[in-house]
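Asker: Structure provided below as structure tokens; questions to follow.
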């Protein structure tokens, strides 16, 4: 019993369409990353002000930022987000979005928040004191 294998060789039109689809996907990803970063940056002053306050909301924000920074300070997102007012929820979700979109490229944003809030000096090994 022999099996016939058919090989399809792409036409130039199919190749152009494939290249166009890949190019489009790359541009869409780049635009999404840029929008995530810009969206998070507008929220930085609000997050920083909350982290500097010694309030329940500030402590919650700080826990999430440390978790995003080092991944070992795990916190329950539902518990943390439910304790925040609406604008801080939006700001924190934008920060989480930038970490998801940019991965390690988001470190500068997180480092800024931890350093400017005074947290980075509290425990440079990574973790709230």
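Derivation of every value follows stated rules applied to the coordinates shown; laboratory data play no part. The structure displayed is predicted, hence computed values, not measured ones. Ideal geometry is used to build each Cβ from the backbone, glycine not excepted, and the neighbour counts take in all protein chains shown.
Asker: Could you say whether any residue in segment 98-105 is buried (at least 20 other Cβ atoms within 10 Å of the Cβ) and touching a residue at least 24 places away in the same chain (Cβ under 8 Å)? Don't jump to the end; show me each part of the working.
Answerer: From segment 98-105, those buried (at least 20 other Cβ atoms within 10 Å of the Cβ) are 98-99; that's our starting set.
Next cut, touching a residue at least 24 places away in the same chain (Cβ under 8 Å) only: 98-99.
Yes, segment 98-105 has at least one match.
Asker: If I filter segment 109-119 for residues that are under 27 Å from residue 30 (Cβ atoms), under 12 Å from the mean Cα position of the chain (by Cα) and buried (at least 16 other Cβ atoms within 10 Å of the Cβ), do I get at least one hit?
Answerer: Scanning segment 109-119 turns up at least one residue that is under 27 Å from residue 30 (Cβ atoms), under 12 Å from the mean Cα position of the chain (by Cα) and buried (at least 16 other Cβ atoms within 10 Å of the Cβ).
Asker: Oh, and also: For segment 31-61, give me the residue count where each residue is within 15 Å of residue 107 (Cα to Cα) and touching a helix residue (DSSP H, G or I) at 6+ places or on another chain (Cβ under 6 Å).
Answerer: Total meeting the criteria: 4.
Asker: Which count do you get for residues in segment 53-88 that are surrounded by 15 or more Cβ atoms within 10 Å (Cβ to Cβ) and closer than 23 Å to residue 33 by Cα?
Answerer: Total meeting the criteria: 8.
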